[in-house]
Every structure is written in structure tokens, then in C-alpha cells.
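To start, the structure itself, in C-alpha cells.
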Amino acid sequence: MKVDIINLEAKNVGSIDLVDAIFGVTVRRDVLQRVVNWQRAKSRAGTHKTKTVSEVSGTTKKPFAQKGTGRARAGTLRATQHRGGATMFGPVVRTHNTKLTKKFRKLGLRTALSSKQAAGELVVLDEAKMKDAKTKILASHVEKLGWGSALIIDGPEVDRDFLKAARNIPGIDILPSSGANVYDIMRRQTLILTKDAVTALEVRLK
């Protein structure tokens, strides 16, 4: 499929052929959901922790006699029913990672790219570079282009000056092609790919 290429001045500077196998696959919400859930679970620290009976600070002495007091038997004041005691079945340090095959992850990325193309929210930019890379100047270009919430994906490396100019603009994210992922693509309304990004993604997803 042919897509127009624009520059930061919102001028048409040519066109590019996008591979249908990457930018034109059937959009499946279940695939997107599984990949996003996998990404979000993988990013969780898993460091939440509560203390068990063996970890609570306190005496090991039996609080009162087993029989004859009329009270329910108790072996320790560190038990869950006592104030300051342990937590029963509380969270422990663990990993939240789940398994997802490389083939499925690639399918998820192709689906995310295709969903943006199908929705008319995919823009191809000639290059993510500026002669005078200033936040104020770039912000005016972004406003003119109507990119209120956008992800810009560049080639293997992002221009350092352009990155500095863009990182203070609310709603704008920038990633290299190697960092392209389903979650970041779907969380922003507009997806902007440079020509280098299109080439790199086609090589990565073939």
C-alpha cells in the first residue's frame, strides 16, 4: 500500500510502499490484549512482601497455659489473630512474568502497526531531525500537525538533539526502531514512523 511521506512543515515530500504482511494484517483485539498484558506483567517489580510468623519480631514464649484458662489455645503472640502478628497468605517476592513466544510477539507488533494504519492514525515522516532543535520550535510543528498524543519511532538510533527538544513536550514519546512495542504504540493516538523506522521494522518483522 502506498502512503504519503511528510516533513515537519506538513508538506508532502513523496510516498512509500508499506508491506501488507506487516501493515495490513487483520486487526485482532485478543492478540493486542495478550501482548499488552504480557508487557505490563513483565514490567512489574514483584517486590511486594508481608511477614510470615517466622519473620515477625516478638517473643517465642507461649502466652498462657494450654488448658484451664477458658480461652482459646494459643502458641504464640506472633500469630495472625494477634495485633502486630503475621499476615496470612500475604504477597511474597516473586516474578510476574508470563511466557509468550517470539512468533506471537511479532504478530502482536504487526497487529498494532496494522491497527494504526487501518484507523488512519499512521504517519510516515521523512526524518526526525531539525537544524535548530529547540523545544519551542518543535512544539509549534507538533501543534500545527495536530499531534496531541503521538509516538515517534525513528531508525536504529534517535537523533540526540531532536530527542532533547521533544522530551519536554507533553504527550510526545520517541523510541528507536528496536524499542518499538505494542503497549507504547497503543497508548498514543498517532503513530509517526520515519522512513528509516519503516525499513528497520520491515527487516525486523519479516
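Derivation of every value follows stated rules applied to the coordinates shown; laboratory data play no part. Everything numeric here is computed off the predicted structure, so don't read it as measured data. Note: ideal-geometry Cβ built from the backbone for every residue, glycine included; neighbour counts use all protein chains shown.
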Exercise for the section: Scan Leu100, Leu122, Leu109 and give me the residue that is in contact with a helix residue (DSSP H, G or I) (Cβ under 8 Å, 6 or more places away or on another chain), over 20 Å from Ser43 (Cβ atoms) and not basic (Lys, Arg). Expected result: Leu122
Problem - Tabulated pairs, the range 137-148, first touching a residue at least 60 places away in the same chain (Cβ under 8 Å), second part of a helix (DSSP H, G or I), C-beta under 7 angstrom, 6+ apart or interchain - result: Leu138/Ala165; Leu138/Ala166
Practice task
State the number of residues belonging to the range 12-32 that are in contact (Cβ under 8 Å) with a residue 60 or more places away in the chain and either of a type outside the set (Lys, Arg) or loosely packed, with under 11 Cβ neighbours inside 10 Å (or both).
Solution key: 14
Exercise for the section: Considering each of Asn97, Asn168 in turn, give the residue that is closer than 30 Å to Val56 by Cβ and out of contact with any Leu (no Cβ under 7 Å at 6 or more places or on another chain). Expected result: Asn97
Fill in the blank from the handout: Turns out the strands (runs of 3 or more DSSP E) fully within the range 113-206 with at least 2 residues that are more than 23 Å from Val35 (Cα to Cα) are 122-125
Handout entry: Which numbered condition Met1 misses (of (1) more than 20 Å from the chain's Cα centre (by Cα); (2) surrounded by 13 or more Cβ atoms within 10 Å (Cβ to Cβ))
Key = (2)
Practice task
Please indicate, with yes or no, whether at least one residue in the range 94-117 is surrounded by 20 or more Cβ atoms within 10 Å (Cβ to Cβ), over 22 Å from Leu18 (Cα atoms) and in contact with a Ser or Thr (Cβ under 8 Å, 6 or more places away or on another chain).
Solution key: no
